[in-house]
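Notes follow the structure.
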Amino acid sequence: MVISHNDRIGFYFLELWKQSARASTEMETDEEQEEFPTELNTINISGGFLNVLPDKLSVQYTNVNLHGYDVGVVQSNRPAPVKRLVYYFEIYVKNAGAKGNIGIGFTTEGFKMRRQPGWEANSYGYHGDDGFLYHGQGKGEAFGPTFTAGDTVGGGINYASQEFFFTKNGVVVGTVPKEVKGPLFPTIAVHSQNEEVCVNFGKEPFVFDLKAFERQERAKQQMMIEKMSLPQNVSYGIVRSYLLHYGYEDTLKLFDMASKSSLPPISLAQENGFSEQDNMYAINHRKTLRQLIRNGKIDEAFGKLRDWYPQIVQNDISATCFLLHCQKFIELVRAGKLEEAVAYGRIEFERFYKMTEFDDLVKDCAALLAYEQPEKSPVGYLLEESQREIVADTVNAMILSTNPLVRDSSQSQGCLHSYLERLLRQLTACYLERRSLNGDQGEAFHLRRVLNSGKNKG
């Protein structure tokens with residue numbers, strides 16, 4: 001079956017609806033779901049030199065330390081999670097023992113379990129007896145203060161800067177570039193008689209203010225963004241193109257009036273054969289239809305489309321018609337006209353039931369009838385304003401595609417997104433590429449969080 005470029009536009013917005021449906025059933029978290037360390041690994045340890053207590057969070061050195069390689073080492077049960085901004089854990093030194101040869105750091109899976117973290121390649125360790133940082137060799141370098149009984153010491157990975165950092169009693173003592181790939185395990189070592197430490201993988205509050213540290217790191221990223229200057233008239237052009245694209249005619253007039261006294265005119269370059277001038281096409285019609293759909297007046301919107309753009313609604317099984325019929329059904333449910341909604345659904349949805357691309361969404365609409373408070377149900381997303389916006393954006397794009405200057409599918413892509421949205425999509429792509437270059441390490445990109453960070457600062 002040959003799909004026209006108008007069908008592609010409709011199905012694009014249909015997919016946006018499906019994404020909204022999936023998002024409504026999944027909680028958005030700051031970090032992607034990953035397993036993380038919860039206790040010490042009691043299987044892979046240096047036998048005979050330490051004892052892991054029953055809580056699996058405390059270790060004691062049980063030997064006399066007759067030799068330099070009589071190290072008691074234990075890793076966490078899982079590697080540090082990587083799809084976040086920062087990972088961090090702490091140890092509390094309950095007893096510094098005879099020499100205070102306690103180490104904290106990160107090691108790889110194949111690390112030799114009778115060596116201090118940092119004594120072997122692909123490992124890093126901060127040691128309490130001398131305050132040195134060790135990285136892949138037995139000789140350390142001056143790094144921070146020593147630590148002993150009563151001190152809380154932490155180790156972390158800053159995935160944004162690709163650095164390890166260590167803390168003592170809630171204060172960062174230093175950082176070091178992270179020059180190792182692959183999974184890394186939080187690791188602690190004890191190396192003299194009676195040494196005892198307790199580890200906290202986050203079950204208890206940290207002494208170090210991790211949330212404040214994360215805020216500081218995000219502020220650094222925001223400052224880097226703000227250092228990139230953009231000419232004011234370019235910003236004006238981008239905002240203006242957004243208002244044009246979506247048919248916000250009244251806002252556009254006010255925007256132009258407020259800007260013309262201080263900014264020279266600018267015209268954004270043509271892209272994919274679709275220029276800013278093309279966005280002026282049918283702006284009054286697009287404004288009217290957007291207002292009708294946002295106000296839930298779907299019958300009136302259908303009527304205007306039949307009068308002005310009959311080609312858009314002549315195929316009654318198109319994705320555009322499906323979205324409009326769904327929105328009509330949703331508005332009836334919103335108004336409490338359930339019997340009328342049932343009758344409307346039986347007539348209009350029947351033709352879509354056997355079409356797999358529409359099946360799940362028809363079921364979501366029908367499910368609204370099963371709840372006394374549908375807005376609080378798993379399909380309550382259908383009653384949100386964002387759902388009306390999807391339908392309004394579909395109609396807007398379809399009208400833009402009727403412009404005689406839009407001749408093929410490559411040009412029709414300009415109907416889908418404004419210049420602002422294309423820039424944001426490019427920003428997302430760049431962020432994901434940067435994350436990929438770091439071995440897919442670092443937090444997921446949330447545009448809303450980036451935008452809110454700038455807003456909260458102001």
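The values are calculated or read from the model by the stated rules, or taken from the named source; none is laboratory data. Here the structure is a predicted model, which means the values were calculated and not measured. Heads up, the Cβs are rebuilt from the backbone with ideal geometry, glycines too, and the neighbour counts pull from every protein chain shown. In case anyone asks, the SASA skips ligands and DNA or RNA and just uses the protein heavy atoms, side chains included. Shrake-Rupley method; radii C 1.70, N 1.55, O 1.52, S 1.80 Å.
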Item to check | Under 5 Å, built H, 5+ apart or other chain: amide partners of Arg78 | outcome: Thr38, Glu39
Next on the checklist: In Å², and per residue, what accessible area does the chain have when probed at 1.4 Å with the other protein chains present?
Outcome noted: 51
Next on the checklist: Suppose a student asked you for the relative contact order of region 151-256, using Cα pairs under 8 Å spaced at least 6 residues apart; what percent would you report?
Outcome noted: 15
Checklist entry - Hey, with R₀ at 25 Å, roughly what FRET efficiency would Ile317 and Glu375 work out to, going by the Cβ-Cβ distance, to 0.05? => result 0.30
Item to check | Taking N as its residue count, the alpha carbon Rg of region 113-246 over 2.2 N^0.38 Å | outcome: 1.49
Next on the checklist: Out of the GluC sites (Glu not before Pro) in region 315-372, which ones are loop residues according to DSSP with at most 15 other C-beta atoms within 10 Å?
Outcome noted: Glu372
Next on the checklist: Taking θ = phi - 60°, what integer Hz values does the Karplus form 6.51 cos²θ - 1.76 cosθ + 1.60 yield along region 151-167, in sequence order, with x for Gly and Pro?
Outcome noted: 8, 10, 10, x, x, x, 10, 9, 6, 5, 8, 6, 9, 8, 9, 10, 10
Checklist entry - How big is the charge dipole of the chain about its Cα centre, in debye rounded to the nearest 20, if each Lys and Arg gets +1 on its Cβ and each Asp and Glu gets -1 on its Cβ? => result 760
Checklist entry - In what sequence, highest mean first, do 150-160, 383-393 appear when ranked by Cβ atoms within 10 angstrom? => result 150-160, 383-393
Checklist entry - Which percent of the accessible area of the chain is formed by carbon and sulfur heavy atoms (probe 1.4 angstrom)? => result 52
Checklist entry - So how far apart, in nm, are the two label points at Lys304 and Glu109 if each is 7 Å from Cα heading toward Cβ? => result 5.9
Checklist entry - If amide H atoms are built 1.01 Å from N in the plane of the peptide, which residues on other chains or at least 5 residues away come under 5 Å of the amide H of Leu50? => result Thr62
Checklist entry - For the chain, what is the convex hull (Cα atoms) projected area averaged across all directions, in square nanometres? => result 28.4
Next on the checklist: Among the listed pairs Lys56/Lys168; Lys297/Lys363; Lys297/Lys337; Lys178/Lys227; Lys168/Lys220; Lys83/Lys181, which have their C-alpha atoms separated by more than 19 angstrom in this model?
Outcome noted: Lys56/Lys168; Lys297/Lys363; Lys178/Lys227; Lys168/Lys220
Checklist outcome for this item: Length gained, Leu254-Thr402, 0.36 nm per residue minus C-alpha separation, equals 50.6 nm
Item to check | Extension gain from Ala444 to Glu350, taking 0.36 nm per residue of separation minus the Cα-Cα distance | outcome: 29.8 nm
Checklist outcome for this item: Sparse-neighbourhood loop hits (trypsin sites (Lys or Arg not before Pro), region 292-379; DSSP loop; Cβ within 10 Å at most 14 others) -> Lys337, Lys354
Item to check | Cross-link partners of Lys139 among aspartates and glutamates (Cα-Cα below 14 Å; sequence separation of 8 or more within a chain) | outcome: Glu120, Asp129, Asp130
Checklist entry - Which whole-number percent is the relative contact order of the chain (Cα, under 8 Å, 6+ apart)? => result 18
Item to check | Amide H contacts of Ala149 (H built 1.01 Å from N, under 5 Å, at least 5 apart or other chain) | outcome: Ala96
Checklist entry - When only DSSP loop residues count, what trypsin sites (Lys or Arg not before Pro) in region 179-220 have their Cβ near at most 16 other Cβ atoms within 10 Å? => result Lys181, Lys203
